[in-house]
1. Identify, by number, the condition in (1) out of contact with any helix residue (DSSP H, G or I) (no Cβ under 6 Å at 6 or more places or on another chain); (2) modelled with pLDDT of 95 or more that Pro2 doesn't meet.
2. Tell me, yes or no, whether the range 99-106 has at least one residue that is more than 19 Å from Pro153 (Cα to Cα) and aliphatic (A, V, I, L, M).
3. For the range 136-154, how many residues meet the condition of being over 16 Å from Pro122 (Cβ atoms) and either in contact with a helix residue (DSSP H, G or I) (Cβ under 6 Å, 6 or more places away or on another chain) or charged (D, E, K, R) (or both)?
4. I want to confirm something. Restricting to the range 147-182 and keeping residues that are surrounded by fewer than 19 Cβ atoms within 10 Å (Cβ to Cβ) and among the acidic types (Asp, Glu), which single residue is farthest from Ala135 (Cα to Cα)?
5. Just checking, does the range 38-61 include any residue being basic (Lys, Arg), at negative phi and more than 16 Å from the ligand (Cβ to nearest atom)?
6. Here are some residues: Ala120, Ala104. Which one is free of Cβ contacts under 8 Å to residues at least 40 places away in the same chain, within 16 Å of the ligand (Cβ to nearest atom), over 17 Å from the mean Cα position of the chain (by Cα) and under 21 Å from His143 (Cβ atoms)?
7. Which residues, counting only those in the range 175-208, are assigned to a helix (DSSP H, G or I) and among the charged types (D, E, K, R)?
8. Before we move on, is Thr141 within 15 Å of the ligand (Cβ to nearest atom), under 30 Å from Asn71 (Cα atoms) and either out of contact with any His (no Cβ under 7 Å at 6 or more places or on another chain) or without any contact (Cβ under 8 Å) to a residue 40 or more places away in the chain (or both)?
Amino acid sequence: MPRDTVDTAGRVVVLASGSGSNLQALLDTAESSWSVVGVVSDQPEAGALQRASRAQVPSRVVEWRDHSDRNDFTEAICAAAEEFAPDFIVLAGFMRVLGPSAMAHFPDRIINLHPSLLPAFPGAHGVRDALAYGAKVTGVTIHFVDEHLDHGPIIAQEAVEVLAGDDEAALHGRIQEIEHRLLPEVVTKLVKGELAIRGRTVKGRVSA
Ligand code: GRF
């Protein structure tokens, strides 16, 4: 049964630019309180789109180059996501920065996954930057999205040790193992209304 027929549970739309292993973790989660009902990507060749197709989840592509500026692109992304009537938006390896209007469309309903312990190593190369800095510990952060890059209130974090001899791929692999477990846990809490934003603090524990 196509997943967009689910209408009694939380409707989750995933934005992804890459391989979509985190999307897959969400697709594979047997959780009755929510399901992934749509995928939006800025990359027509993204592996995430193939994963969506295999799971019979509808998808849309919104390319950066077809838009005049960040606001225009953000509006198009939000319009594509809105076609799926989402309750929540998950940025899972979405490599574009959305403009502030995204928060107006989906206030406190967008979360992002980042491969470092924020506020350390924000940006597109969190794993590479932690290695280059010589950090001994890095990790995973899942946070609400606000108008600043990799900045909103933190929902969950888990540490990953940097091992001697790690290269970016090895370290990222161990980080992704954590991501694949933590992200579905966070989405479940979110959908069940068990997370509350109080300033910069998110109330509601996600198990480590
Ligand atoms: C994840 O490691 C995430 O933290 C980062 O991009 C990666 C996406 O991986 N923002 P995938 O496309 O889910 O495999």
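1. For Pro2, the failing item is (2).
2. no
3. Within the range 136-154, residues that are over 16 Å from Pro122 (Cβ atoms) and either in contact with a helix residue (DSSP H, G or I) (Cβ under 6 Å, 6 or more places away or on another chain) or charged (D, E, K, R) (or both) number 1.
4. Among them, the one singled out is Glu147.
5. We begin by selecting, within the range 38-61, every residue basic (Lys, Arg); these are 51, 54, 60.
Filter once more, keeping what is at negative phi: 51, 54, 60.
Pick out the ones that are also more than 16 Å from the ligand (Cβ to nearest atom) and you get 60.
Yes, the range 38-61 contains a residue that is basic (Lys, Arg), at negative phi and more than 16 Å from the ligand (Cβ to nearest atom).
6. Details: Ala104 fails: within 16 Å of the ligand (Cβ to nearest atom).
From the options Ala120, Ala104, the qualifying one is Ala120.
7. Answer for the range 175-208, where residues must be assigned to a helix (DSSP H, G or I) and among the charged types (D, E, K, R): Glu177, Glu179, Arg181, Glu185, Lys189.
8. Yes: the conditions hold for Thr141.
The values are calculated or read from the model by the stated rules, or taken from the named source; none is laboratory data. Please read all numbers here as calculations on a predicted model, not as lab measurements. Neighbour counts run over all protein chains shown; Cβ positions are idealised from the backbone, glycine included.
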